[in-house]
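The values are calculated or read from the model by the stated rules, or taken from the named source; none is laboratory data. Please read these numbers as outputs of a predicted model, since none were measured by experiment. Positions of Cβ are generated from backbone atoms using ideal geometry, with glycine treated the same way; all protein chains shown enter the neighbour counts. Each accessible area value is taken on the protein alone, full model and side chains, heavy atoms only, with ligands, DNA and RNA left out. Shrake-Rupley method; radii C 1.70, N 1.55, O 1.52, S 1.80 Å.
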Amino acid sequence: MTDLDNFFNLSNDYFSLSCKKCTFEIEETLKTDEDAHKALMVYPVNNEGLNYAFSGKQGLCLTTPHGSIQNENILGKLISLPGNNAKKVLHFFEEHGYLLPISTEGTEVDVVALVEILNRIKATVLLMAALENPSLDHDRILHLALYLLLGKQVTLNGTSQISYTTYRHPFHDNIKNQVAVDSLQQSSDAESITIKDMIYAPSYGLNADEYDDISNGETFTYDYPGINDTLYRHLAIAYKQNNIQSKNLRLIVEFLFHYMHSVGIIKIVTLDGGIEYYGTPNHNRFDERLKLAVVPFARLILSGEINYNTRSIKPFYNPNSLEPSWKAPSLLTALYFSAFYMKPGSEIYRKCANPSCDKYFLVKTSNSRKKYCCDNCRNANNQRSHRIKVQKGK
Ligand SMILES: [Zn+2]
């Protein structure tokens, strides 16, 4: 074993997270002046502690108190959960622990927030895999990155002191604070405004009348679906003002503005439903320059997401063994830490090729042959293909 391998294997001595098993109950609470309100509650099972370790091959694992692995690849199991099956989702948490610490009095579960957080973890891991894949699927990369950037922000409660809110990229506050300067003062008769541009280098010509309509929220000369959308207006102003100092933020603004301006203005992005536009999108205008830019754009979104979600893991120097270790405050952080520690260029999560199986498994990027999560799935799918062949032969 090389030193590098060792670095990725963090047994319970090197990786500490204490969690308790949990259980869910549906309770009816009667509030004054209100109808009975049904709440999903989560409680810790006090006598049953859970121990975790981190392995380079299996990711985050459940172990015995002495460190032998009981239940491997927790992150892979989590992203394989079908989002529409509440029973399976709750069962997963009963077995592996809840995302956040919970108090003995119980915590009410906001199911919408919980599902959204699971979707974000899934999108993060799938985006990592899509960016590692040798044949780039630009539409998939775009969808996953846009979902992480534009998806709605949710908060999940743990104990009364601990709650978790999903990441909101600084891009949002940056473009909100941009103020439109009347373009007439700058170029009285010019038909187009020349803007320095990294994607359409060296510069891009934006129609002055169109910019006036977008930035003023009016439709004098230009009228197309979504032209009054607030995000689009903020984007257009930030793009034209061009005074964001950070090159990374500027790339996000440029990419998103050009994409919406060319392909279509985005209304909402969800993980299951994809990208929804105001009008009919013109996918042909997702051109080579934009496809080239979507990769660094997605890398920025992915790194922002992972950095935010691993920020509360702490290095801890063990006074007894004089050895380094990591302390995770919650299963949620440990799951992102598991994604954080995936070896770039060597491992990805791949979906099982059996259509009736939802599982994702860890595989070497270079291994293009392993398509199924297990022998059962390979056999089932081979039999299925055989049946189809026989039917076609008739
Ligand atoms: Zn399978």
Residue selected from the stretch 55-86 under the condition open to solvent by 50 Å² or more (accessible area, probe 1.4 Å) and assigned to a strand (DSSP E or B), by the criterion modelled with the lowest pLDDT: Ile69
When residues of the stretch 359-379 are limited to those that are within 12 Å of the ligand (Cβ to nearest atom) and buried (at least 16 other Cβ atoms within 10 Å of the Cβ), the one farthest from Gly76 (Cα to Cα): Arg378
Yes/no for Ile268 being touching a residue at least 60 places away in the same chain (Cβ under 8 Å) and of a type in the set (Val, Ile, Thr): yes
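Please go through the stretch 296-320 and give me each residue that is open to solvent by less than 30 Å² (accessible area, probe 1.4 Å), assigned to a helix (DSSP H, G or I) and not acidic (Asp, Glu), ordered by number.
Taking the stretch 296-320 first, the residues open to solvent by less than 30 Å² (accessible area, probe 1.4 Å) are 297-298, 301-302, 304-306, 309-310, 313.
With the extra rule that they be assigned to a helix (DSSP H, G or I), the set shrinks to 297-298, 301-302, 304-306, 309.
Hits for the stretch 296-320 are Phe297, Ala298, Ile301, Leu302, Gly304, Ile306, Asn309.
Can you name every residue in the stretch 131-144 that is among the hydrophobic types (A, V, I, L, M, F, W, C) and surrounded by fewer than 21 Cβ atoms within 10 Å (Cβ to Cβ)?
Taking the stretch 131-144 as the starting set, the residues that turn out to be among the hydrophobic types (A, V, I, L, M, F, W, C) are 131, 136, 141-142, 144.
Scanning the stretch 131-144 gives Leu131, Leu136.
Looking at Ala353, Ala334, which one is at pLDDT 80 or above and touching a Leu at 6+ places or on another chain (Cβ under 6 Å)?
Numbers: Ala353 fails: touching a Leu at 6+ places or on another chain (Cβ under 6 Å).
Just a single option satisfies the conditions, and that option is Ala334.
Of all the residues that make up the stretch 29-47, how many are assigned to a strand (DSSP E or B) and modelled with pLDDT under 85?
4
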Tally of residues being over 18 Å from Ser203 (Cα atoms), assigned to a loop (DSSP other than H, G, I, E, B) and open to solvent by 60 Å² or more (accessible area, probe 1.4 Å) across the stretch 225-252: 2
Those residues of the stretch 268-298 which are farther than 22 Å from Lys122 by Cα and in contact with an Asp or Glu (Cβ under 9 Å, 6 or more places away or on another chain), in sequence order: Tyr278, His283, Phe286, Ala293
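Could you grab me the full set of residues in the stretch 340-358 that are more than 9 Å from the ligand (Cβ to nearest atom) and not in a helix (DSSP H, G or I)?
Kept after step one, since they are more than 9 Å from the ligand (Cβ to nearest atom), are these residues of the stretch 340-358: 340-350, 355.
Within the stretch 340-358, Tyr341, Met342, Lys343, Pro344, Gly345, Ser346, Glu347, Ile348, Tyr349, Arg350, Pro355 meet the criteria.
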Residue in the stretch 322-330 that is of a type in the set (A, V, I, L, M) and within 16 Å of the ligand (Cβ to nearest atom) present: no
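Residue-by-condition table, conditions (1) outside any strand (DSSP E or B); (2) open to solvent by 50 Å² or more (accessible area, probe 1.4 Å); (3) outside the structural domain of His138 (by TED's automatic domain parsing); (4) free of Cβ contacts under 8 Å to residues at least 60 places away in the same chain:
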residue: Glu254; (1), (2), (3), (4): yes, no, yes, yes
residue: Met260; (1), (2), (3), (4): yes, no, yes, yes
residue: Asp272; (1), (2), (3), (4): yes, yes, yes, no
residue: Ile275; (1), (2), (3), (4): no, no, yes, no
residue: Gly279; (1), (2), (3), (4): yes, no, yes, yes
residue: Lys291; (1), (2), (3), (4): yes, yes, yes, no
residue: Val294; (1), (2), (3), (4): yes, no, yes, no
residue: Ala334; (1), (2), (3), (4): yes, no, no, no
residue: Ser338; (1), (2), (3), (4): yes, no, no, no
The listed residue being loosely packed, with under 15 Cβ neighbours inside 10 Å and either among the basic types (Lys, Arg) or touching a residue at least 12 places away in the same chain (Cβ under 8 Å) (or both), out of Lys392, Lys351: Lys392
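Here are Ile193, Ile214: which of them is in contact with a Lys or Arg (Cβ under 7 Å, 6 or more places away or on another chain), assigned to a strand (DSSP E or B) and of a type outside the set (S, T, N, Q)?
Details: Ile214 fails: assigned to a strand (DSSP E or B).
When all the criteria are applied, what remains is Ile193.
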